[in-house]
Structure formats: C-alpha cells, structure tokens
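The block underneath contains the structure these notes are about, expressed in structure tokens.
The values are calculated or read from the model by the stated rules, or taken from the named source; none is laboratory data. A quick note: this is a predicted structure, and the numbers were derived from the prediction, not measured. We place every Cβ from the backbone using ideal geometry, glycine too, and count neighbours over all the protein chains shown.
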Amino acid sequence: MSGDRATVLLPGDGRQLALGAALQLCFKADDSEVDGRYSISVATVGPDHAGTTPHVHREHDDVSFVVEGALAFDVSGQIFEAPAGAFVLVPRGLAHRWWNPRSEPAVFLNIHVPGSGFERFVRELADLSSAGRASPAAMAELGARFDVWFDEDDLGARYAAEGAAGTREATAGLRSADPVAFVPTTDAVRARAFYEDVLGLPLVADDGFALVFDMAGTMLRITRVATLEPQPFTVLGWRVDDVAGAARALAACGVALERYPHLEQDELGVWTSPGNTRVAWFKDPDGNTLSLTELPSRA
C-alpha cells in the first residue's frame, strides 16, 4: 500500500466473509492494503451467538470497539460485558473469548496488531467449514499458522456441543409435523371391513401398499404384509371420554374386549389403573391389539 493517499471505504464497502449464518465480517484493511501491519474488520454478530472458542494470540494484540448491542468477554478469567461504546484491548499472551449475551445483534470493530494474516485465517476457516472438514485437529492446525492458538480439548467440547445442537435443530421440525400411524394386515379386505364398517374410520385411499384411513386428522396406514405374528402389546389406541360407552358400542358390533388374568377388569372388561385411568383392549381381525383409554377427570 502506498503511503501517499488515503483509503476511503463507504458504509458496507470491504471484503465480506461469513462464518455461518450469524457471524459476518467485513474486512476494511489487511495484508493487501497494509502489508500485514494490522487487520481491521467490522463484525456483525447474531443474537445469542456463542462467539469464539478460548484462544491465545502469542504475537499480536486483539482490539475491539463495540458499535452496537453488547458483547461479553472472558479474558483469562476476567468476565465482563461490553456495551456499545466500550473499548477492549486484549494484549498478546492472554487467553480470551467473546460472545453475544443478548437477544439482539451486536456490531463491533475488530483490530489485530500486527495483522498476522487474520483475514486469511477467517477465509480458510470459512472454506474449511463449508467443505465439511472442520474438526478440532484441523482448527488447531489452521489457528497455529495465523497466531490463533486453541486448546484442542476446548475445541472438542465446542464441536460436540454444536453437533448435539445441530441434531436437535434438524429434528425440531418433527414437533409440529403430522404423525402417521401404521398397522399391518395380511388380509386387506377383512381389515377394511373392520376399520371402515366397525370402527367407522373414513377410507381415504387404497394405494396398493396400504389402506389409508383418516383417524381424526391423523393418517392411519393399514399396510399389506405377507406374514404377521401379532404382538402382545398395544399397537394403536384411542383416547375416549367414556370407555364404558365405547366398549358397549364395540360389543354391539360383535367385538369382544380382551381379558387378562393378571388385571382386575370389570364386567365389560375395563381395567382401572391405580391412577384412575380406565383402559380396555380389543383386537382387529389380524390379532393386532388395540386399546381405548379414558383419562381421569381433572376436576
């Protein structure tokens, strides 16, 4: 960089790099402009972002000035919050990390003196992550090349926690997804007559693989199978307001309730649990055990 002219960047100008969706860095000056004498970037941090893993710069100082929001720092055990307008100087040799403690974005100016190739470190880190090759060992090796020294145990703990969080995030959609129930049958004609005519479930489709019924908004697939060994436990059940009334309705259709010698069941075959839940069992034509459950009144 020539020393005879000013460098002027308008708002938003600079080299944009992203580390995930919630951490954006805009580099204003680094190796190409100042021959590595310093590195200047503006970082935008998403709400509640976990920030950095503890690390040490052995050969350069790390300077931060909070522009918007707030950051929290842990500098060799000294933990503090830095609101907008705060200045934080971390001298070389001190272990440190930062994170966003608030549910709003934070913006800060970050300066490394000398630069130690910090922009190249971030760029290679982004490439490593996008390629799916990030690991504690890879991160430690990358950091060592740019004076960002990590403890591999800390990195391992961070990656394990983020992996677990990623799994939870990936499966969180199932909480609101519609369930699908499955029951096997070796005789679809007989099963259809039972579930449609006796139990009164609307038939939605027969796709050749299964009879599809609507069970109060839940899809029930009575799946065709070649062989079946019925299991001794319940495979499908309903919660009802009046289990005795439902039992009598089944009996009127010729469906017998199951009786078990180890349970005290009433004359209909209804068992009352110690918590006053009332349960009755019956079987479909394939021998699959189905149940009716009446929960105790909360009044």
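Quick notes on this one:
- Strands (runs of 3 or more DSSP E) wholly inside the range 1-100 containing at least 1 residues that are free of Cβ contacts under 8 Å to residues at least 12 places away in the same chain and farther than 17 Å from residue 113 by Cβ: 15-18, 78-83
- Checking the stated criteria, residue 239 turns out to be loosely packed, with under 14 Cβ neighbours inside 10 Å and closer than 16 Å to residue 292 by Cβ.
- Look at (1) in contact (Cβ under 8 Å) with a residue 24 or more places away in the chain; (2) surrounded by fewer than 16 Cβ atoms within 10 Å (Cβ to Cβ) and you find that residue 281 fails only one, number (2).
- Checked against the criterion of being assigned to a loop (DSSP other than H, G, I, E, B) and surrounded by 13 or more Cβ atoms within 10 Å (Cβ to Cβ), the candidates 201, 211 yield just one match: 201.
- Residue 134, sole failed condition from (1) in a helix (DSSP H, G or I); (2) modelled with pLDDT under 90: (1)
- When residue 66 is tested against (1) modelled with pLDDT of 95 or more; (2) loosely packed, with under 13 Cβ neighbours inside 10 Å, exactly one condition is not met: (2).
- Which numbered condition residue 258 misses (of (1) farther than 27 Å from residue 187 by Cα; (2) of a type in the set (Asp, Glu); (3) modelled with pLDDT of 95 or more): (1)
- Those residues of the range 174-228 which are basic (Lys, Arg), within 35 Å of the chain's Cα centre (by Cα) and at pLDDT 95 or above, in sequence order: 221, 224
- Checking every residue in the range 268-279 against the condition of being in the same structural domain as residue 294 (by TED's automatic domain parsing), of a type in the set (Val, Ile, Thr), more than 36 Å from the chain's Cα centre (by Cα) and not in a loop (DSSP other than H, G, I, E, B) gives at least one match.
- One residue stands out in the range 18-38 among those that are within 19 Å of residue 62 (Cβ to Cβ) and hydrophobic (A, V, I, L, M, F, W, C): the one that is surrounded by the most Cβ atoms within 10 Å (Cβ to Cβ), namely 27.
- Check on residue 103, in contact with a helix residue (DSSP H, G or I) (Cβ under 8 Å, 6 or more places away or on another chain), of a type in the set (Ser, Thr, Tyr) and in the same structural domain as residue 23 (by TED's automatic domain parsing): no
- Restricting attention to the range 183-198, the residues being closer than 11 Å to residue 225 by Cα and either surrounded by 14 or more Cβ atoms within 10 Å (Cβ to Cβ) or among the small types (Gly, Ala, Ser) (or both) number 5.
- Residue 93 over 30 Å from the mean Cα position of the chain (by Cα), under 17 Å from residue 148 (Cβ atoms) and at pLDDT below 95: no
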